[in-house]
Structure formats: structure tokens, C-alpha cells
Amino acid sequence: MKLKLLAIIVAFMAACSVQQQDGSTVSKQPVDYVNPYMGNISHLLVPTFPTIHLPNSLLRVYPERGDYTRIELNALPLVVTSHRGSSAFRLSPFQGNESDLKPVINFRYDQEKITPYSYSVYLDEQEIQVDFGLSHQSAVYEIEFEKDGPAYLVLSSRNGGLKWDGKALSGYQLIENNTKVYMYLVPDQVPETVSELNNQALTEATEAKGRDATLVLRYEQGTNALNVHYGISFIDEEQAKVNMEREVAGKTVDELQQIGKKIWNEALGKIKIGGGTENERTVFYTSLYRCFERPVCISEDGRYFSAFDGQVHEDNGRPFYTDDWIWDSYRAHHPLNVLIDSKKEEDILNSFILMSEQMDNFWWPTFPEITGDSRRMNSNHGVASVIDAYRKGLTNFDLEKAYAACKGAITEKTLAPWSGMPAGKLDQFYKEHGYIPALYDGEKETIPEVHSFESRQPVAVTLGTSYDEWCLSQIARELGEKEDADYFLKASFNYRNLFNNETKFFHPKDNNGKFIHPFDYKFSGGMGARQYYGENNGWVYRWDVQHNIPDLIDLMGGNENFIKNIDGMFTESLGRSKYAFYAQLPDHTGNVGQFSMANEPSLHVPYLYNYGGQPWKTQKRLRKLLKEWFRNDLMGVPGDEDGGGMSAFVVFSSMGFYPVIPGLPEYSIGSPMFENVEVKLENGKTFTIEARNASHENKYIQSASLNGKELNTASISHEAIENGGKLVFEMGPKANKSWGTK
């Protein structure tokens, strides 16, 4: 036993070391494995951005360029105000002819280096070296000029104003929905002159307003270095100044980078891995880093600006979070927070309650962003995060208020996708008939709530709302609201109303209850299949009944047919050339047959083999998907990574388990990739997973034990993890087809 323990320790230490050129080894910390460039380009979409930020922080930046094969940078970013957004303010260091000055200067560049906490780049044609370090709401640029001429700093706001007061530059940019981001910037040297740049002409001035408002700070010849400290705020310019003074005043880029590295190691160190290859460890920690990109904490010295009512509020000692696309993050990202950041998750849910109270209608948010709730996508899966957290022991939020807001969002707001309008005729039909009616191809839309491009998405909305109503029923039961619990539990079976017993697919119906014909489960529905589904086709939505998998198995005719149908998804051809397929379904990428690894509604599908009695196929599929679609390279993410939604799937699946049904306190077991995993819990305990002999070949579970007792079910309870248990797997190269079938 001691020898076996020693072997595990040695393997863990080896996994965290890297050999130098001289043969010596140095220990690698979790953040050293992160590759922010992983997935910066892909087949069609832009999956990830190489974002420099601290975990869940307000300030985040990334180099702006058309995509990550472009050879020019669009100035230097000062703050990116939303996930996938563009920089609100831009800084362009410059040497050359004044006639070449522009609000945003494009730079050719080389030697770019990015970590989660640092940025370095050489602007080779300008011969300028740039280094960057940041804190939560403030940052520092250090700029070295190599040419002899005068040096310039060009600062611009896309749509706002800038002013110079003799020692600092402050300003704002209007984003949208009356939301402004403010900046306060202090160069370490006072410029010779300050001018406004307007229509390529310089005029001595200390203020600029409007589109591309631009001020130019000119420094005398011989200036070879400038340091710029700045803070940002969503409250006002004075708060931006306070943020800067509190966080970065007097600090160098190197000091900030060292502090940032420590913060990231603490965050990523909540999960320690041993074993696996160098690339597998890089993919794991890069995916975990992505899970700290959103939502962002926008509390500033105990206050925050809320775009949900346009007011500044006291946060009463609890951080306020926003910028979270819950449509997909409920699946794995929120459950990961529950597991390793439970206090933060409670604060996030409390923030959602506050948003609901601040909006005109007391409705749970759908897509809460810096600028308010954009009400994108379909259904309201934020309700799943509420019951999932509560069922797993998180109680530091008002469950009654959360329930009221969730209930209002599902019963009072329209179910029409991408709409914040009140419920109308479409919703009344759903309440009376239990499904959203579909239109025939070419039939004109008459319902005002329906978005002209997104359409009704009747199957997607019916299935998604069925799950949401199951979540409502579970919360109502926890609150002792029996009548509501029974009502919503009955409604949670509404997916049955669209199940076609002949084809075993979910099939749209017209308002007379007739299935739409002719119909193709791959291609009917127009662009993105939105007339009937949403971004994905009928093959993906065939499995969108997370809350009642046993009933889905029965509908398909039992375990054998269920497994056969899952197999069929992975083997069914695209049906057209890739060019034609993706021209209609650009979000339905990362294909293995009709399965889409690139879109979140597919994430739970590989785990469904567990429920049909063949866990070994879950193990086989997962390892193939992880190896092929998540790689340590520029195209290493298959599709739409929405700031943690897809990356959390990688984190869970690499550890060996996954929350298939948010709302139930249990996890489905997959195939652990690493020989040893330690999950640090906020209750002070540690959950350990030991996968003996795990490797690329040894992907099949031969046997398992939990806390020394035999485990022969392909699931584990959240309670077992919270108690700090130990899960041990014996792994091998061939499937044990009898394991986990109970």
C-alpha cells in the first residue's frame, strides 16, 4: 500500500515538472499550463479569445484583430466591456509623421506573448516594445520607444468623450442601454502638448467628444519610455480614479504580473491533476481558465452600476455579478461553480435576484450582460441553476424570491425566443395544448412577439420549457408549494406532445395538432433550423429531455432501441457536402455524424449510454471526442465557447464525471483521463479521484470503489463529493461491459 501511494506521489510530481535544456527540471504551476491561444480560430466560428484578466474580474482585455491569423493589431485595448466585445478605449503609441496619426493605429507586430495575467508584444515596424499587467479594475502599460523622434500616445473613445486636466486623462464611452464605461489614465510624464485629432487634423485642445473622440499626447524627442496607469469604472470617472489608486498606483507591470500569477494559481489550484500528457494537462487548465472568464464582478468599493434599472446601488457586502449567457452555462459551468466556488455561485444567484427586482418586470434574467438582459436564445434555463445549487446545499440566497422571478419569466414573459415581451397568443396556446405550434414552410408569421430572424423554434422551446417547468416543480416542492409543484410537474411532460412514435424524433406540429409534412430532421427549418429547432437540427434535439431520461427511453422502445438511436446519431452522414451543410447550419459544427461537439445542447449526449445500460460506450465516446476536438493548438476548440459553457464540459469529463441533469444532486460517470485528481471544496474537504493505469489506451473502467466500497453504478452523488470521499477506478484497454450496468 505504501509503495502504491509513493508511486502516485511520484507520478503527480512528474506531471507538474518540465525538463530544461540543461537537463534540470522545474516545477510547473497550474497557470503555467494555460494556453490562451487554444481555440482562437475554428471551422466557422470564433470560439475563444486570448483574454488577459483575473478570475471573474471587471477588467479584461485581448489584442484586437480581425481574427487570430491577421497580421495587424488595432491599437492596444484598455478594456473589453463584454464577452466577445470590442475595446471601449484604445491606446496607440506612435512615432513618425503627424499626418499618419489616426484614432486607431494598426500595428504590425511580433513576439507576442500572452498569459492569463500578462501581455507582451513588439510593434516591429514602429519599433515599440509593449508590456502589460493588470488587476481587477485597473492596469498598467509600460511602453519603450526605440526611434529618435517625438513620441505620441493616441487615446480614443468609440462614442463618448475624453479630457485632459494637466496630469491625467479621463473619459467615458457610451456602450448601449444608457450604460457608460469610464476611464481615468495617468501617464508617468506630462506631455509637451495635448491636441484633439479630428478628420486627420490636430488642433490644440484638452477635450474631445463624439464618434472616435481622440486626444493626442505628444512627448519631446528623446522620450524612450512611458508608463501608463489607468482604472476603469461603470459608475463614474472619479470611481475609475479610485480604482486605479487602490489597485495599481506605484506598481510596476512586473509586480502586477507576479500578483496576478499568484491569484490565478490559487483559482486554478482548486483542482490538482496528476498524470496525463503535457498536452492533456494544458487542455485541462486552459479549459478551467475559460471557466473564470464569466460572469464578471462589477462591484466597486461596495457599489455597482446596474444597467437593469440604470442606477448605482450599494452591494451591501456581496459582490454583484453579470455577463452570463445562462442558456448554455447552466449545463456545466454553473455546476462547476457549485463544486469549487460555492460562495461565488451563491453571490451570482443573489445577483440574478437583484436584477429581477431592478427590471420593469420581476422576471429571472436570461442573458444578463453589462448592458442589461438581452433576452437571447430560447427558454429560461436560469431556473435550473437555482434548483441545482439549492439541491447541492447552497442556501445563501432567497429561494422564494428566486422562485417567484423564475415563475414569472416562464409564465408571464413570452416563450418566443429572443424576446422580452409579455406572454401573448403563442403562450396561451402552449398553456392550453402543451406545445408551441409550428408554421408550414412559407406560412407567414402573425405573432408580434416572434423575432423575425429567430422564428418560433417550436420544438426547441417546447422541450426547453418542459425542462424549465420540471425545475419549477422541484423548487415549488422544496418550498412546500404543492399545487404549483403538481402543476409544473405535469407540464414537464409536455415534450411528449411533439414525440413522433413512428420516427422516434421530436417533430413540429401545426396548431391543429398535425405533424408538419414533408419533413427532414436534418434540414427542415431554414437557416439554423430555427423555424422548428434552434441552431441545431432534429438529431440534436432528439435528446433534449434531460429531466426525464427514463421516459425518453420508454418512448423510444426500451434500452436496446435507445442505445441504437444514440449510435445512429454518431454514424448518420451529414447528408450534404460540408459546404452545403454548414451553409445552413453554421452553429452545428464539430460533427461526428449528426452529433455536434461544437454546440452545448449536445454536451450530455455521450453520457446517455450510461442510462441505457452500456456505460462502456460513454467511456469510449468521451475519450474520442476529447482527444479529437479539444487540443492544444489554435483550432483546439470545435465551436461556440461562450465563456465557460463548453470548457466546463472538458473540465468535468477529464476528471471523470458530469452533471447530466442540473437540478439533481448527482453526476454521471465517464472516463477519467488523469491518474490522480484532487478537488478542493470550500468546506475544507478534498475529493480525490484515483484512476489507476489511466492512459489513452486504458480508457475503460474495469472496476471502481467509493471510500473503499465497491461501486457498480455509473453515477455518484454530490453528497459523496462534498463529504470529501475517494473514488478509485481500475482502468484497462478493453471494455468491461458489465461494469456500471446496475
Original post:
What full-extension length gain, to one decimal in nm, is calculated for residue 167 and residue 211 as 0.36 nm per residue of separation minus the Cα-Cα distance?
Top reply: 13.4 nm
Original post:
Excluding same-chain residues fewer than 8 positions from residue 261, which lysines have a Cα within less than 17 Å of its Cα?
Top reply: 28, 113, 251, 270, 272
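May I ask you to list the GluC sites (Glu not before Pro) in the stretch 115-160 that are in a DSSP loop and have at most 15 other Cβ atoms within 10 Å of their Cβ?
125, 127, 146
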Original post:
How large is ³J(HN,Hα) for each residue in the stretch 101-110, as worked out from phi by the Karplus curve 6.51 cos²θ - 1.76 cosθ + 1.60 (θ = phi - 60°), to whole Hz, x for Gly and Pro?
Top reply: 5, 9, x, 10, 9, 8, 10, 6, 8, 7
Original post:
What number comes out for the charge environment of residue 369, summing +1 per Lys or Arg and -1 per Asp or Glu over other residues with Cβ under 15 Å away?
Top reply: -2
Original post:
Roughly how many nanometres apart are two label points built 7 Å out from the Cα toward the Cβ at residue 200 and residue 432?
Top reply: 6.5 nm
Subject >> the chain - charge dipole about Cα centre, Lys and Arg +1 at Cβ, Asp and Glu -1, debye rounded to 20 >> reply: 2780 debye
Subject >> Extension gain, residue 705 back to residue 147 (0.36 nm per residue minus Cα-Cα distance, nm) >> reply: 194.2 nm
Subject >> For peptides 250-256, 453-459, 407-413, sequence by mean Cβ density within 10 Å, most packed first >> reply: 453-459, 407-413, 250-256
Subject >> Cβ-derived FRET efficiency at R0 22 Å, residue 584 paired with residue 517, nearest 0.05 >> reply: 0.65
**OP:** First select every other residue whose beta carbon is under 12 angstrom from the beta carbon of residue 43; then total the charges, Lys and Arg +1, Asp and Glu -1.
**Re:** -1
**OP:** Return the label of the correct value of Rg/Rh (Cα atoms, Kirkwood Rh), as calculated from the structure shown, out of [x] 0.98; [y] 1.04; [z] 1.01.
**Re:** [x]
Subject >> Violating pairs (Cα-Cα greater than 27 angstrom) within the set 180/407; 504/620; 444/514 >> reply: 180/407
Subject >> Potential extension, residue 69-residue 685 segment - 0.36 nm per residue separation minus Cα distance >> reply: 217.3 nm
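Each value in this text was obtained by applying a stated rule to the coordinates, not by laboratory testing. Predicted model, so just to flag it, every value in this text is computed and none were measured. Because the Cβ atoms are built from the backbone with ideal geometry, glycine has one as well, and the counts that use them run over all protein chains shown.
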